[in-house]
Structure formats: structure tokens, C-alpha cells
Amino acid sequence: MEERWDLLEKIGAYAAGELEEAEARETERLLAEQEDHRRLAESYTRMLVLMSVTAQESPEAPEAMVNHVIRRAYVAAFLQQAETFVSGLGRSYIGAFVYYLGLRPREA
Amino acid sequence: MSLRERELVLQAARGDAGAFAHLVREHSNLVYRVALRMLGSSEAQDACQEVWVKVWRSINSFRGDSTFSTWLYRVTINTCLNARERVLRRESLELREEMPHLPEPSGSEFDPEATTLSRERKDELVSALQLVRPEHRAALVLRHLEGLSYREISDILEVPEGTAKGWVSRGRAAMLVLLARGDADGEAGGKTGGKP
């Protein structure tokens, strides 16, 4: 069974034009020997054409989704800035309170 | 990576949502296209949003060793691989006595010259793709649908080039078996018999 998968893959690589010269010649010999192998190569070619036609299509990302992603980023950026501001403000207040209570250690 | 893109990335890394919005607008089609091909239409949008949330959170870890699009491909593929998905392991694909063959398409249904393809054939292709083992699917999408080189694929998937080639090769074979069986809409087999 493993040999059959290897053959399947080799013929696929041949159809995709990915084999080295020597391997390609060897595969052509296999194709010449058996009708089944030739049909397999043709099937691969058909599938690869199908894929290349599909590849030429470029579906566009839905506008609503793109806008949603961008909105999320703006909200995240705003929250990040707000957090930085509030924590900075909090630190300043605590510093001032500590100073007011005279709890700041004296410098030597 | 262009100077402008590098600048946008740096600004976004500093928390500039405007710069990030530019990056989203420029690359949203890439992310959506890959997610669509990796997961199908029902899960693609959720995956895209997850990708951009990850990008926003981790853009300051982007070192610029690769292009931004390579990094983005990596984040997208990893997100898709982690997403809930129907997995058909290659081992469960049964290779029957006869080699798999695709029937010749009728002229009206398939016209490569005009690059048109019937909706049915496209759906069949996408459904079959969903059943290919995830890492093989990722490599297959990057190679045959995104048209990337094996070097780029190995960069994105963070595996050696030989491994990337092997995954594409196995993915291709599995796709052909699934398409030939025409059962891409359902879980196939469950029987062993494929190559481990």
C-alpha cells in the first residue's frame, strides 16, 4: 500500500512539474508502461488546473469585518492609553499622599 | 518590505491604531483568502478577526527578519490550524485497488481559458480541501492556491524545505483521492490502509 501512495505522490509531483530531470524521465517510463498511470497523471493535471483557476480568484474580505477589526483596535488603543493615564495619575496621588503624611523616607 | 510598511508596523507596535488600520486595509484580503481556503466560508470570518487581534497584540514581537506578509501568513495559518476543524487524517484515506481518476469535465462546466469554474466544482474543491490533514492542507494552500515557493512555505510553516515539499505532495495525493471519490462533503472512511 505504501508503494502505491509513493507512486501516487510521484506522479503528482511529475504533473506539477516538480521532479528533477532523471526522476521525470523515470516517471515518464512508468506512464508509458501503464494506461492506469497515464490516467492518473491526467487526473492530477485536471486537479491542478482546477486549483490554479481557483487561485486566480481573489475573494475580498467583507467590509463589515474589516471595519469591526479596525474599531476593535481603536478601542484597544484608547483603553491602553486610558489605563496608562489613570495608573500614572494614581501613582502621582499616592506619591502626594505619602508626602503629605510625611511617610517618605528621608534621604541620607 | 517597503519603507512605508516598516514605518506602519513600527507605529502600530507603539500602539498607533491608525497605522494598524492601514495594515489591516492593505492585507485583509490576504488573511481572508487564506482563512477561506483553510477553513471554508463558515469559519473564515471568525478566524480573520482572531488573526487581527493576535497581530495587534503581538506586532511588537515582529522583528522584521521576514517580510510582514510572511509573518502575517504564519499568524493566519497557525490560527487556522488551531481553529475547530474537521480532520481527516491521511491514514484513514483508503487507497482502493484502482488508482483515483477524475472524470473529464464537460466544456460548459469548466473553462480554464475563461478562468470560469462552476460553483459546484469550486465547492467540491473547497470541501475536499477541508478534509485534508491540516498541515498538508496549509502547505497545499500556500503552494497551489497562493503560488508561493517552497522556501517561502518553509519560512511560513517553520519547517525544513523538504518537509514542506513532502506535505504538499501528500496533500496533493489526498486531494486527488477525495475528489475522485466525490465524497468531499462527508467524513470518508475511517478505515486504515493508507501510508502512515
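Tabulated data for the structure shown
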{"read-out": "Relative packing of peptides A:32-40, A:86-94 - highest average C-beta neighbours within 10 Å first", "value": "A:32-40, A:86-94"}
{"read-out": "Listed residue (A:90, A:61, A:79) projecting farthest to the positive dipole end of region A:2-101, Cβ model", "value": "A:90"}
{"read-out": "Number of partner chain Cβ atoms within 10 Å, mean per residue of B:54-62", "value": "1"}
{"read-out": "Spacing of the two label points (7 Å from each Cα toward its C-beta) at residue A:87 and residue B:57, in nm", "value": "1.7"}
{"read-out": "List B:61, B:42, ordered by accessible area with a 1.4 Å probe, largest first", "value": "B:42, B:61"}
{"read-out": "Average partner coverage of B:167-177, which counts Cβ from other chains inside 10 Å", "value": "6"}
{"read-out": "Cα gyration tensor, region A:2-101 - rounded (a/c under 1.5), prolate or oblate", "value": "prolate"}
{"read-out": "Contact surface A-B: accessible area buried, both sides summed, square angstrom, 1.4 angstrom probe", "value": "4800"}
{"read-out": "5 angstrom amide H check on residue B:148, placed H, neighbours 5+ away", "value": "B:143"}
{"read-out": "Inter-chain Cβ neighbour average for residues A:38-49, partner chain, 10 Å", "value": "5"}
{"read-out": "Solvent-accessible ranking of A:42, A:20, largest area first, probe 1.4 Å", "value": "A:20, A:42"}
{"read-out": "Amide H contacts of residue B:15 (H built 1.01 Å from N, under 5 Å, at least 5 apart or other chain)", "value": "none"}
{"read-out": "GluC sites (Glu not before Pro) within region B:119-189, DSSP loop, no more than 16 other Cβ atoms inside 10 Å", "value": "B:158, B:187"}
{"read-out": "Chain lengthening between residue B:83 and residue B:151 when straightened (0.36 nm per residue, less Cα-Cα)", "value": "22.0 nm"}
{"read-out": "In sequence order, calculated HN-Hα J values of region B:33-49 (Karplus, 6.51, -1.76, 1.60; Hz; x Gly/Pro)", "value": "4, 5, 5, 4, 6, 7, 10, x, 5, 5, 10, 4, 5, 4, 4, 4, 4"}
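The values are calculated or read from the model by the stated rules, or taken from the named source; none is laboratory data. Here the structure is a predicted model, which means the values were calculated and not measured. Glycine gets a Cβ as well: all are built from the backbone with ideal geometry, and neighbour counts include every protein chain shown. Accessible surface areas use protein heavy atoms only, side chains included; no ligands, DNA or RNA. Shrake-Rupley method; radii C 1.70, N 1.55, O 1.52, S 1.80 Å.
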